[in-house]
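Everything on this sheet refers to the single structure shown next.
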Amino acid sequence: MKIWDSHMHSSFSGDSESSPLEMITRAKELHLPGITFTDHLDLDYYENPGEFDLDIPKYIEEISELAKKYSDESFQIQCGLELGLQEHLVDKHHELLETYHFQEVIGSIHQVKKEDPYYPAYLKKRTIKSAYRDYFEEVLNNIKAFHEFDTLGHLDYVKRYIIQNAGPEYDYIMSDYQDVIDEILKCLIRYDIALEINTGSIRYGFLDTNPNSEILKRYMELGGQMVSIGADAHKPEHIACGFEAIPSMLKNAGFISYTVFKERKPIEIPL
Ligand SMILES: [Zn+2]
Ligand SMILES: [Zn+2]
């Protein structure tokens with residue numbers, strides 16, 4: 001089956017050079033039912049100020065024009081946002097989402113106490129265990145402080161950088177962080193936020209999605225029902241990467257559908 005790709009970037013993001021039209025062309029070639037652009041907005045990005053700013057009016061205008069031109073009954077294009085969450089930005093984010101209209105808003109944690117775990121410096125100050133725990137706690141604190149978004153982006157993706165910077169033996173064991181992971185999952189359920197299964201890790205050679213199937217199963221056990229799927233493409237060739245394994249992964253965890261957001265409302269698509 002072909003899955004809607006609900007997480008992708010274009011040259012509107014500071015870390016992508018691909019035009020939205022290139023992304024659309026590739027998604028059409030793949031016969032996906034639809035795509036949602038979710039370009040980055042990370043206000044107060046301390047590592048490199050301004051890198052993840054977004055010209056929102058221009059972004060919405062351009063994607064909307066392309067959506068009018070290239071959407072049809074078998075292929076739809078939507079304009080969403082990947083919002084980098086930080087606790088001190090709660091009021092700004094609230095105002096922003098009141099002002100601008102997106103189809104889907106992904107909330108992602110890209111900074112832990114003003115540091116991006118992408119950079120090796122994050123690990124230099126921490127043990128491996130605190131590198132994981134600090135990240136998960138940052139996710140939890142952010143959801144508690146602000147939950148006006150639709151999907152939690154790539155929970156556990158910090159492991160990508162920990163493994164890249166420290167070595168493959170430093171994958172985490174869920175039970176070591178069960179308390180905080182359970183609380184995160186319960187918050188998602190309480191606030192009607194979908195859990196994203198992000199396959200971006202697959203193209204880096206990882207076997208697991210972010211989060212992995214263990215967390216997905218735990219989410220289901222706790223009563224979670226909404227799973228959004230995204231490849232986090234930054235180039236056309238990344239679109240839908242790793243999607244082949246997703247239907248069986250979801251079915252094994254007990255899901256019979258996945259979620260796509262339209263007009264910020266969840267739509268269930270049968271598997
Ligand atoms: Zn992200
Ligand atoms: Zn992303």
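On the beta carbon distance between SER19 and ASP72, with R0 = 25 Å, the FRET formula returns roughly 0.80. Screening the chain for DSSP H helices whose Cα atoms reach 20 Å or more along their own axis and whose mean Kyte hydropathy is at least -1.0 gives 56-70, 128-145.
Model label sites at GLU148 and SER257, defined 7 Å from Cα along the beta-carbon direction, differ in position by 2.7 nm. In plain terms, the chain from ASP53 to ARG203 could stretch by 51.4 nm, reckoned as 0.36 nm per residue minus the Cα-Cα distance. If R0 is 41 Å, the Cβ-Cβ spacing of SER64 and LYS125 corresponds to a FRET efficiency of close to 0.45. Exposure here means at most 15 other Cβ atoms within 10 Å; with trypsin sites (Lys or Arg not before Pro) in a DSSP loop as sites, the longest stretch of the chain lacking them is 126-263. Taking each residue as 0.36 nm, the span from LYS114 to ASP176 lengthens on full extension beyond its C-alpha to C-alpha distance by 19.9 nm.
Within the chain, the proportion of C-alpha pairs whose separation exceeds 32 Å stands at 17%.
Counting only DSSP H runs of at least 4 residues, each contributing -39500 (n - 2.57), and dividing by the residue count of the chain, the helix-based mean residue ellipticity at 222 nm comes to -10500 deg cm²/dmol. Which lysines, if any, have their Cα less than 22 Å from the Cα of LYS125, not counting same-chain residues under 8 positions apart? Leaving aside lysines fewer than 8 places away in the same chain, those within reach of LYS125 are LYS113, LYS114, LYS159. Counting only Cβ charges, +1 for Lys and Arg and -1 for Asp and Glu, the dipole size of the chain around its Cα centre is about 620 debye. In the chain, the DSSP beta bridges split such that about 30 percent are antiparallel, to the nearest 5.
Per-residue Cβ neighbour counts within 10 Å put THR127, THR259 in the sequence THR127, THR259, beginning with the fewest.
Pairs from the list LYS235/LYS262; LYS124/LYS235; LYS124/LYS217 with a Cα-Cα gap above 25 Å: LYS124/LYS235; LYS124/LYS217. Straight Cα distances below 17 angstrom link LYS251 to the aspartates and glutamates GLU196, ASP208, GLU214, GLU221, GLU268, with same-chain residues fewer than 8 positions distant left out.
For SER257, the amide hydrogen comes within under 5 Å of the amide hydrogens of LEU271, counting only partners 5 or more places away or on other chains and with H modelled in the peptide plane.
Rg and Dmax over the alpha-carbon atoms of the stretch 144-271 stand at 14.4, 42 Å.
Label zone (LEU271, point 7 Å along Cα-to-C-beta; backbone nitrogen cut-off 13 Å) within the stretch 224-261: 225-229, 244-259.
Throughout, read-outs are computed from the coordinates displayed, never taken from laboratory work. Note that the structure is predicted; figures quoted are calculated from it, not measured. Note that each Cβ is placed from the backbone with ideal geometry, even for glycine, and that neighbours are counted across all protein chains shown.
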